[in-house]
Amino acid sequence: MKVIEAAKTDIIKVKRSLTLRSLLDMFKDFHTTPLIPVVDAWDHLTGVVYPESLLDLLRPVQAKLFRNVPFMEMDEDAFDLESIPSMGELIIVDDIVDINFISIKAEDSLEEAYKIMHFNKKECLPVVDDQGKIIGILGIFDIIWRMFKEKEVV
Amino acid sequence: MVVSDYLKEKFCLVDLQATDKDGSIKEIAEVLVTAGKIIDEKSFIEDVLEREELGSTGIGNNVGIPHARTKAVKGFVIGFGRSKAGIEFKALDGEKVNLVFLMGADPSELNLYLRILAELSKLLMNISFREALMAANSAAEVIAAVKKFER
């Protein structure tokens with residue numbers, strides 16, 4: 001079975017110029033970690049925003065420095081957040097996009113897609129066509145659901 | 001104390017000559033080239049201006065933080081320029097900008113880049129810090145103000 005047969009094609013994609021405030025508003029109803037594909041004017045996938053990056057904007061800078069000190073390594077600092085309202089407009093997607101992203105092709109097999117996800121410890125990946133245009137997102141559960149469907153469980 | 005780990009006296013200009021955004025970015029970039037971290041000055045300026053085209057970093061309160069993730073920079077670099085007359089910056093509030101912090105980072109330095117951008121934004125929300133920068137008579141006093149307020 002091919003990736004395109006299992007991937008979700010009704011997805012939200014964003015442009016590099018979108019502000020952080022608009023981005024957060026766009027994804028406020030997501031209750032899981034969203035994969036945010038970043039595209040150019042022709043829908044070519046140019047990067048991905050990982051929500052974990054957003055935490056770096058909120059944590060005190062010192063938290064990272066202390067990470068290298070074993071006895072200071074505490075998870076509590078993840079919730080020691082700073083409030084900086086001006087960042088809503090100052091930061092745009094271009095500032096936080098990861099351009100070293102992994103994607104899968106629409107024509108790849110689901111088995112191959114699963115291996116790539118497993119190897120890279122990703123729960124979902126963007127799906128592109130031969131021209132590099134984004135056409136969907138494939139998540140682990142999409143694969144699981146398809147496997148049960150194959151077995152006629154659903 | 002993180003901003004001051006990267007912002008040094010020699011990267012601070014207390015009397016910017018430029019009167020517009022592009023000119024101020026070029027003026028500070030020229031100083032940063034001396035740091036040896038800007039591999040390609042022309043590309044660096046182009047990338048910062050391209051980022052400005054996507055959205056102005058003139059965030060109000062007479063502050064501008066032009067920045068870019070660019071391969072023209074090795075690691076991370078930050079410079080400062082002050083214009084008492086003010087610079088036309090196309091700021092979000094329409095006001096002129098007096099305080100300009102120019103930042104550049106290699107695309108792989110996302111974590112450090114975002115944290116310093118956040119830290120700087122937080123510092124610049126403090127009116128006393130902005131007043132201290134406006135009152136500074138030298139680059140040394142700029143650095144002293146940064147160190148005092150980032151505590």
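The values are calculated or read from the model by the stated rules, or taken from the named source; none is laboratory data. This one's a predicted model, so the numbers in the text were calculated from it and none came from an experiment. Because the Cβ atoms are built from the backbone with ideal geometry, glycine has one as well, and the counts that use them run over all protein chains shown.
Structural remarks
- The lone exception for A:Val48 - which of (1) modelled with pLDDT of 80 or more; (2) within 14 Å of chain B (Cβ to nearest Cβ); (3) part of a loop (DSSP other than H, G, I, E, B) it fails: (3)
- Residue check for B:Ala91: in a helix (DSSP H, G or I), crowded, with 20+ Cβ neighbours inside 10 Å and free of Cβ contacts under 8 Å to residues at least 40 places away in the same chain: no
- Identification of helices (runs of 4 or more DSSP H) wholly contained in the stretch A:89-154 with 3 or more residues that are among the aromatic types (Phe, Trp, Tyr) yields A:140-150.
- Within the stretch A:130-147, being surrounded by 11 or more Cβ atoms within 10 Å (Cβ to Cβ), more than 18 Å from the chain's Cα centre (by Cα) and without any contact (Cβ under 8 Å) to a residue 40 or more places away in the chain holds for A:Ile144, A:Met147.
- Residue pairs whose Cβ atoms lie under 7 Å apart, separated by 6 or more positions or on different chains, with the first residue in the stretch B:50-73 and in contact (Cβ under 8 Å) with a residue 40 or more places away in the chain and the second hydroxyl-bearing (Ser, Thr, Tyr), are B:Ile59/A:Ser86; B:Gly64/B:Thr57; B:Ile65/B:Thr57; B:Pro66/B:Thr57; B:His67/B:Thr57; B:Arg69/B:Tyr113.
- Within the stretch B:2-18, being in a helix (DSSP H, G or I) and charged (D, E, K, R) holds for B:Asp5, B:Glu9, B:Lys10.
- Flag if B:Leu102 is of a type outside the set (Gly, Ala, Ser), closer than 24 Å to A:Val97 by Cβ, within 11 Å of another protein chain (Cβ to nearest Cβ) and surrounded by 14 or more Cβ atoms within 10 Å (Cβ to Cβ): no
Listed here are the residues, each with its yes/no results for (1) touching a Pro at 6+ places or on another chain (Cβ under 8 Å); (2) at negative phi; (3) at pLDDT 85 or above; (4) not β-branched (Val, Ile, Thr).
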| site | (1), (2), (3), (4) |
| --- | --- |
| A:Ile84 | no, yes, no, no |
| A:Ile96 | no, yes, yes, no |
| A:Ala106 | no, yes, yes, yes |
| A:Ile116 | no, yes, yes, no |
| A:Lys121 | no, no, yes, yes |
| A:Asp130 | no, yes, yes, yes |
| A:Ile134 | yes, yes, yes, no |
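- Residues satisfying the criterion are present in the stretch B:31-42 (criterion: assigned to a helix (DSSP H, G or I), touching a strand residue (DSSP E or B) at 6+ places or on another chain (Cβ under 8 Å) and either in contact (Cβ under 8 Å) with a residue 12 or more places away in the chain or away from chain A (no Cβ under 14 Å) (or both)).
- Looking only at the stretch A:85-107, and only at residues there that are surrounded by fewer than 18 Cβ atoms within 10 Å (Cβ to Cβ) and touching a helix residue (DSSP H, G or I) at 6+ places or on another chain (Cβ under 6 Å), the one that is farthest from the other protein chains (Cβ to nearest Cβ): A:Ile102
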